[in-house]
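All remarks here apply to the structure that follows.
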Amino acid sequence: AEIDHFREVRDLLGGDYYVYNGNQVGLGGKIAYNYTNNVDWLGVFVDGEYTLDRFTAYGMYGMSTIKYKHDNIFGNFKVESDNIVGLQLKGGALFNLSGNFDVYTNIGFASKVPIFDNVIDDGSGAINNNPENEKFIATEGGINYSALNGALALTFNSYITIWKDRAFTRSVQTENGADALISINGVEQMHMGVELETAYQPTKMIRIDASASFGKWEYTDNVDYS
């Protein structure tokens with residue numbers, strides 16, 4: 001992906017030029033900032049499923065590598081990151097207890113590559129040379145129930161997600177005055193909750209849906225940085 005960022009003079013309002021920071025700019029001229037960001041991404045994934053009678057299991061694995069590039073036209077400089085690797089693993093199983101009653105469980109792990117802004121600062125071009133991936137560990141389980149020949153469907157689900165190394169960055173200046181981008185690591189969160197979804201379709205033309213959820217999402221620690 002290539003993303004251009006600039007501010008452009010769209011209308012001179014009858015004038016011959018626009019003065020910006022002492023410079024004369026014509027129609028279509030760029031002012032304030034002008035840079036291009038590139039996201040070079042390559043990924044692959046595989047998945048599989050196994051079914052035996054009333055039992056079904058599945059698993060998947062995915063991997064990606066991302067490189068970020070910043071070309072600052074006004075600043076006349078270019079910076080780029082190293083390749084950053086992310087991955088994802090997930091597996092689950094479902095067991096049919098009866099014709100209209102299923103139980104299931106899933107567990108997954110993901111190492112998420114930080115977004116562009118957490119690696120390169122658009123304004124200064126400062127780069128974070130040691131970005132850390134965010135990590136997710138997610139588990140869930142629930143039941144599926146149907147009745148009235150499929151006209152009524154109910155799903156109950158509970159989940160717990162542990163979010164580690166949530167990424168925050170700040171722009172700073174080093175002792176010699178150079179711009180730098182630092183990471184604030186170690187921020188952790190826990191998301192947990194339950195969800196209920198129901199659907200009732202008495203006719204082909206009418207369907208009624210209802211849902212309810214309760215969650216507790218919170219930070220689990222305090223991070224000090226100096």
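The values are calculated or read from the model by the stated rules, or taken from the named source; none is laboratory data. As the structure is a prediction and not an experimental result, all values here were calculated from the model. Don't worry about glycine lacking a Cβ; one is built from the backbone with ideal geometry, like all the others, and counts go over all protein chains shown. Side chains included, ligands, DNA and RNA excluded: accessible areas come from the protein's heavy atoms. Shrake-Rupley method; radii C 1.70, N 1.55, O 1.52, S 1.80 Å.
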Q: Work out, step by step, the length gained on full extension between Tyr145 and Val194: first 0.36 nm times the residue separation, then minus their alpha carbon distance; give nm to one decimal.
A: 16.0 nm
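What FRET efficiency do you get for Val79 and Ile184 if R0 is 25 Å and r is their Cβ-Cβ distance, rounded to the nearest 0.05?
Values: r = 21 Å, r/R0 = 0.83.
So the FRET efficiency works out to roughly 0.75.
Beyond a 25 Å Cα-Cα separation, which of these cross-linked pairs lie in this structure: Lys67/Lys216; Lys90/Lys135; Lys30/Lys78; Lys30/Lys112?
Correct reply: Lys67/Lys216; Lys30/Lys112.
Write down the accessible area per residue of the chain in Å², having rolled a 1.4 Å probe over the full set of protein chains. If you can, show how the numbers build up before the last one.
Values: 14820 Å² over 226 residues.
Per residue, the chain has 66 Å² of solvent-accessible surface.
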Q: Determine, for each peptide in 194-204, 87-97, 115-125, the mean count of other beta carbons within 10 angstrom over its residues, then list the peptides with the highest first.
A: 115-125, 87-97, 194-204
Q. What is the set of long-range amide H partners of Phe168 at a cut-off below 5 Å, with H atoms built 1.01 Å from backbone N?
A. Ile184
**Q.** Correct choice for percent of Cα pairs over 28 Å apart that was computed from the model, options (1) 57; (2) 36; (3) 44
**A.** (1)
(Q) Just to be sure I understand the model, the point goes 7 Å from the Cα along the line to the Cβ. What's the resulting Lys69 to Ala57 distance in nm? (A) 4.4
Q. Of the heavy-atom accessible surface of the chain (probe 1.4 angstrom), what whole percent is carbon and sulfur?
A. 54
